[in-house]
1. Yes or no: A:Ile174 within 10 Å of DNA strand C (Cβ to nearest atom) and part of a helix (DSSP H, G or I)?
2. Pull out all pairs, ordered by first then second residue, where Cβ-Cβ is under 7 Å, the residues are six or more apart or on different chains, the first lies in the stretch A:18-30 and is among the polar types (S, T, N, Q), and the second is modelled with pLDDT of 95 or more and part of a loop (DSSP other than H, G, I, E, B).
3. Scan the stretch A:192-208 for residues that are farther than 23 Å from A:Lys156 by Cα and either in contact with a strand residue (DSSP E or B) (Cβ under 6 Å, 6 or more places away or on another chain) or not in a loop (DSSP other than H, G, I, E, B) (or both) and jot them down.
4. How many residues does the stretch A:142-158 contain that are of a type outside the set (D, E, K, R) and open to solvent by 30 Å² or more (accessible area, probe 1.4 Å)?
5. State whether one or more residues within the stretch A:131-141 are surrounded by fewer than 20 Cβ atoms within 10 Å (Cβ to Cβ), at pLDDT below 95 and either over 30 Å from A:Lys86 (Cβ atoms) or more than 12 Å from DNA strand C (Cβ to nearest atom) (or both).
6. State all residues of the stretch A:5-17 that are in contact (Cβ under 8 Å) with a residue 24 or more places away in the chain and open to solvent by 10 Å² or more (accessible area, probe 1.4 Å); if no residue qualifies, say none.
7. Examine the stretch A:230-241 for a residue that is outside the structural domain of A:Lys117 (by TED's automatic domain parsing), away from DNA strand B (no atom under 15 Å from the Cβ) and among the small types (Gly, Ala, Ser), and state whether such a residue exists.
8. For the list (1) open to solvent by 30 Å² or more (accessible area, probe 1.4 Å); (2) at pLDDT below 95; (3) away from DNA strand B (no atom under 16 Å from the Cβ); (4) aliphatic (A, V, I, L, M), I need the number of the one condition that A:Met77 fails.
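The values are calculated or read from the model by the stated rules, or taken from the named source; none is laboratory data. Values in this document were obtained by computation on a predicted structure and should not be read as measured data. Backbone-built Cβ (ideal geometry, glycine too); neighbour counts: all protein chains shown. With ligands, DNA and RNA removed, areas are computed over all heavy atoms of the protein, side chains included. Shrake-Rupley method; radii C 1.70, N 1.55, O 1.52, S 1.80 Å.
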Amino acid sequence: MPELPEVETIKNDLAQAILNKKIVSVKVNKKNILRKSVRYFKNKLIGNKFIKINRRGKLMYFSLRKDDLFLLAHLKMTGQFIYCNKDKFIVGGHANSKKEEEQILHGQVADFCQVGKYTRVIFEFSDKSKLFFNDLRLFAYLDLVNKKSLDEILDKFGIEPLTANFKFKDFFNILQNRKTSIKAVLLNQQLIADIGNIYADETLFMAGILPNRPANKVSSKEARKLFLAIEGILKKAIKYRGTTFSDYVDSKGKKGSFVKLLKVYGRQGQKCLKCKNIIEKTKTANRGTHFCSSCQK
DNA sequence: CTTCTTGTTACTGA
DNA sequence: ATCAGTAACAAGAA
């Protein structure tokens, strides 16, 4: 489940790998992963180059040199970008065997850099390197839009953590104006971008706030703790190249290591690392929610 | 067989 | 008009 740290990791890796390389072919194995026609994608992409990659929330957008166009990529839950250079193949995505899974896990050079069962789109560059866009559930998408459409899409996102726009005053103001659960507010991309189910639970644990607390009942002091937890945890998770739970791998096919640092997510039934209470799991905001009822109030 | 998984959005009702 | 809550989406795991 890629959230900010995972998308940021992929974006940075890809920027080092594919920028300013001529796109020589685009192969589409599943056309409904595209929000425009296959013909339009091929037409606009082949012969073009990606010159910059940005991220807003969990959405990546690639600037193209020609035509004032942008490639949008959303990974949703199970999307992956896997980059393979000409000789050393680093394969990610959905392993087709136990052996492949081991190779991916250990980041080994694999001998099976090929189209997998869930590979939906393959970009090939002039240096013979390839970029695979994989997705198991077909929720992920690629789109090709102009500047105007891009701006309309970007405008819908809420405040962006880890930027100068992420100010406590605005953050607290959002919380005070919402009666719904604090977790629902954290997950709402139009209010605060980037946070998904894993980091919502982790930041709430660090701040000592129960996920089902009404947002407008969170005190200024608690909100400040949460604000700092969001910055701290997201930054740290980027350092660890993200969290892998089920499908996430970076563009080199490697899993993120932040999973070792998770305090509550996926730890239901286990002892709280702070107080030894048992971590509970319930549903808040329609999502699996993990918390310690002793550390969080 | 049923239930659960998640990011996002469509829909419903207040 | 705005907000809140739920279901739906896909496809697999348990």
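1. Numbers: within 10 Å of DNA strand C (Cβ to nearest atom): yes; part of a helix (DSSP H, G or I): yes.
In short, yes.
2. Final answer for the pair search is A:Ser25/A:Ile46.
3. Step one: list which residues in the stretch A:192-208 are farther than 23 Å from A:Lys156 by Cα, which gives A:201-208.
Passing the criteria: A:Asp201, A:Glu202, A:Thr203, A:Leu204, A:Phe205, A:Met206, A:Ala207.
4. Of the residues in the stretch A:142-158, the ones of a type outside the set (D, E, K, R) are A:142, A:144-146, A:149-150, A:153-154, A:157-158.
Checking the rest, the ones that are also open to solvent by 30 Å² or more (accessible area, probe 1.4 Å) come to A:146, A:149, A:153, A:157.
So the count comes out to 4.
5. Yes: the stretch A:131-141 contains one or more residues that are surrounded by fewer than 20 Cβ atoms within 10 Å (Cβ to Cβ), at pLDDT below 95 and either over 30 Å from A:Lys86 (Cβ atoms) or more than 12 Å from DNA strand C (Cβ to nearest atom) (or both).
6. Correct list: A:Glu8, A:Lys11, A:Asp13, A:Ala15, A:Ala17.
7. yes
8. Evaluating A:Met77 over (1) open to solvent by 30 Å² or more (accessible area, probe 1.4 Å); (2) at pLDDT below 95; (3) away from DNA strand B (no atom under 16 Å from the Cβ); (4) aliphatic (A, V, I, L, M) leaves (3) as the failure.
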